[in-house]
Amino acid sequence: MDFIDEIIEQEYENFKQKNIWAVYETLKARWHESNRINSVPSHTFFYERIHNRSRYKQTKKRQGSRAANNFLGPWLIKPTTPRHGDRPLEIVHIDHTQLDIECVCPDSQVNLGRPWVTAMIDAYSRRILAVYITFNPPSYRSCMMLLRICVQRFRRFPEWIVVDNGKDFKSTYFDTLLARFEASKKHRPKDVPKFSSLIERWFRTSHTEFFNNLRGNTQIMKHVRLVKKENNPKNLAVWELAELYEYFVSGYCYGVYDQKEHPALEGMSPQQAFEFGIAQTGSRPHQSINYDDQFKILTLPSTKKGTAKVQPSKGVRINRTDYWSDEFYSVENKDIPIRYDPFDYGTAYAYVNSRWIRCISNYYIKFQGYSEKAIKLATTLIHRKKQLHNQRAYASVSEIANLLKNAEEYEELQQQLLRDRSTQKVHDLIEGKLNTFDNASIATHNKQHDISSTVSSRNDSDNLDLNEISEDELNIPDDESKDNFLYDDNELW
C-alpha cells in the first residue's frame, strides 16, 4: 500500500494533471522494476485507491487552492450559528456585479456602457433587502446607498454583514458606519465565492430571468466572432438607467422575485419566509432606525481627520475646498465634525451646536449637482492642459501622445457627467421625488416588450465648462493628503 500511495503522490497528485490510466502504467513499470513477488494490483483497485483519498488535498495538489475550495465544508459566522441564521436580518450578504446590458443617455442616446448593481440578500429568507444600480464601479458610495435603501425599506440594520475581500468593504468609512449602528462585518475567505453562493446564485438568476430577455443584452459578446454591426449590443441599447432601475428593482426584485415560490424555502416565497420569521422571532422595535436627514448625514463620508477648524470669514476646509454657513460665527477657531456629499460637491455638513447644518461651497453655483468623481476627472484634465501649455512650441511625439490622452480624458469627463445625471434620477426614484413612468411615455421596442421612456433633459447650460473654471476652484487633494476612505483603483487621489 505504501508503494502505491507513493506512486499516486509523485505521479498523480501534481500540477501535470496526468490521467489515472497513465499513472497506472507507470505503477506497473515501477512494480516490475522493483521485482516484487505479488502481482500488480488491478486497475479497478488502483482507481478506488485514488478516489478514496482526500478530495480537497488531492484537488489542491493537482489544480490549486481555488479549485480545491469547492470541497470545503460550510462556513459559519459562529460555531453555534446556523449557516443562514435563524431569523430575518441576522445574516445578510452584500456583493457587486456588472450587468449584462448596455444603457443609453435619455437625452442624447449616447451609449453609457454597462451599469453595476450592488445587492443585499437576507440569508434566512432569501429576500432581496436592497438593490442599487449605478454606472460607477464598486466603491464606498455604492455601499452607502445600499445601506440607506435597507433602512428606508425596513427601518433596521442587519446584525451580520458577509462581504468579500474587496477594497470597498475594507474602508475606514464602511467600518465606522457599521460600528455606529452596532452591525458586525464578516469577510468570507479569499477565493471561496461559494461561501456567498446565495447572492452569487441570485445574480445568475436575475440575468437569466430578466436581463437576458431585454433588448441590448450582452449575451452575444461571449462569442465575439459572431458580433456584427446589426447585432452589437451597443447599437441595440435602448434602456435608460432610471427606467431599468424602476422595472428591475421595483418590478422584479421587490415584486416578482419577492413573491415567487423559492425552491429552498419549502413552498414559501421570500416575502412569506421573511414575514413568518419576523412573526416567530419578534420585530425588535428597539432596533428601529428612523430614515431621516440625520440618518442620511451619518451615512456620508468624512475626511481622514473627521473634523475641520472653522476659519473666520472662510468657514471649514474639506478636501481643500472651503464651505460656509452663517452658524459658523458662534464656533470660530474651533474644530467641528464634518461630512461631505460625494454626489453633490457643492454641499457639505458640519456639526454645530448639537445639530448638523448644511454648508455650501464658495463655488456652489459651479459645483452644485456635480459628483466627486466628475470633479476629480475635471481636475486631472486641467492639470494636464496646464502641463501642455507650459511646454515648448515644437510638438514632439510624446506631446502628441499626451494631447491624445488629454482628449480621451475629456471624453471620459463628458461621459461621466451623463452617467451622473442618470444616477441622480435613480436617487430621485429611491427618495420618491420622481414618480413611476407614465404609460403614455412607454414604447415597445421589440417582441420582448422592452421599454424606453423620454425623460426631460437638463439645459445645455448645466454642462461643466472647463474653460470657465480655474485650477483653484478644482483644488483636489493630492496623494499626501488623501483620506483613508476607499476609492476605486481608477479614482485614487
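Worth a mention:
- Highest mean packing comes first when the peptides 257-264, 285-292, 362-369, 421-428 are listed by Cβ atoms within 10 Å, giving 421-428, 362-369, 257-264, 285-292.
- Cβ crowding within 10 Å, taken as a proxy for footprinting-reagent exposure, orders Arg87, Arg53 from fewest neighbours to most as Arg53, Arg87.
- For the range 101-125 versus the range 285-311, the gap between their alpha-carbon centres in whole angstrom: 27
- Length-normalised contact order of the range 91-298 in % [C-alpha pairs under 8 Å, at least 6 apart]: 24
- Protection-proxy order for peptides 16-24, 216-224, each taking the mean of Cβ atoms within 10 Å per residue, highest first: 216-224, 16-24
- Quarter of the Cα convex hull surface for the range 91-298, i.e. its orientation-mean projected area (nm²): 13.3
- Long-range tail of P(r) for the range 307-367 (Cα pairs > 19 Å, %): 17
- Sequence-separation-based contact order of the range 307-367, relative, with Cα cut under 8 Å and 6+ spacing, percent: 30
- Sorted by Cβ density within 10 Å, fewest first, the residues Ser139, Ser197, Ser125: Ser197, Ser139, Ser125
- Mean-position separation - Cα centroids, the range 9-73 and the range 159-233, in angstrom: 37
- When each of Lys57/Lys170; Lys314/Lys373; Lys61/Lys167; Lys16/Lys61; Lys170/Lys304; Lys18/Lys61 is checked by Cα-Cα distance, pairs over 21 Å: Lys57/Lys170; Lys314/Lys373; Lys61/Lys167
- Neighbour-count order for Asp95, Asp293, fewest beta carbons within 10 angstrom listed first: Asp293, Asp95
All of the numbers you see were taken from the coordinates with simple rules; none came from a lab. As the structure is a prediction and not an experimental result, all values here were calculated from the model. When we count neighbours, we look across all protein chains shown, and the Cβ atoms used for this are built from the backbone with ideal geometry, even at glycine.
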